[in-house]
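Just so you know, all these numbers are worked out from the coordinates, no wet-lab data involved. Quick caveat: nothing in here was measured; it's all calculated off a predicted structure. Cβ placement follows ideal geometry from the backbone for every residue including glycine, while neighbour counts extend to all protein chains displayed.
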Amino acid sequence: YEVGAKALMLEGRLQAEAALFYSQYEDIQDSDPSRQLLGSVVVIVNPGEAEMQGIEWSAQLNVSEQFSVGFNGHYMDTEFVKVSTVSNNVIGDPINYVPKYSVAFNTKFDFEGPLDSAGFTALDYNVQGGSVEIISINSRAESDTLTHLNMRLGLNWESFTAELFGRNLTNESD
């Protein structure tokens, strides 16, 4: 189930979206780390039934014809509500590898570049909350929160683009 809204405001300069959602999964599929074959072959099991609920949002504002800023993200709660006999999960466990939240901020600035090009700079900053991996009934691994800072500088011509970019400028490990 999902309910949401989209809006275009400020003479089209602000676009905003938000949605609330609720999902039920029967026979959800998941990998089972405790049953890996030969150390690298992943075994897929049906650990049971799960529910997922949350909110997601985004907003983009064109401050001027050259400059825009944006913000988006989600918050999600997942849990198993029924588990099968082949499962390492117990009722109430979260779904593997699903981060509880994420947020992202972005900016873009367009300018007149050299040699009749259209130039741009873009910066985005992303934060993703940790997630859980249920390894066995008594063992779980939790990932850390990840943050990434990315930057791009580029020039566009009619059929050619040159771009300099840096990804993960904070050198965060995945």
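Report the residues of the range 58-81 in range of a label on Ala16: point 7 Å along Cα→C-beta, backbone N strictly under 19 Å from it.
What the label zone holds, given the 19 Å backbone N cut-off, is 58-64, 68-75.
Report the net charge of residues surrounding Glu51, where surrounding means a beta-carbon distance below 11 angstrom and charges are Lys +1, Arg +1, Asp -1, Glu -1.
-3
Treating cross-link reach as a plain straight distance, find the lysines whose alpha-carbon is under 24 Å from the alpha-carbon of Lys100, omitting any fewer than eight places away in the same chain.
Lys6, Lys82
Which ³J(HN,Hα) values in Hz, rounded to whole numbers, follow from the phi angles of the range 142-159 under the Karplus curve 6.51 cos²θ - 1.76 cosθ + 1.60, where θ = phi - 60° and Gly and Pro get x?
Couplings: 10, 8, 7, 5, 10, 10, 9, 10, 10, 9, 9, 9, x, 10, 10, 10, 3, 10 Hz.
Jot down the per residue volume, in cubic angstrom and as a whole number, of the convex hull over the alpha-carbon atoms of the chain.
Once divided by residue count, the hull of the chain is 164 Å³.
Between rounded, prolate and oblate, where does the range 102-174 land on the alpha carbon gyration tensor, with a ≥ b ≥ c its root eigenvalues, rounded for a/c under 1.5, else prolate if a/b exceeds b/c?
Note, shape of the range 102-174 comes out prolate.
Going through the range 102-174, which GluC sites (Glu not before Pro) have at most 10 other Cβ atoms within 10 Å and a DSSP loop state?
Glu158
Return a whole-number percent for the relative contact order of the chain, with Cα pairs under 8 Å and 6 or more residues apart as the contact set. Before the final figure, lay out the partial values.
On the way: 424 pairs, mean separation 24.8, N = 174.
Once normalised by length, the contact order is 14 percent.
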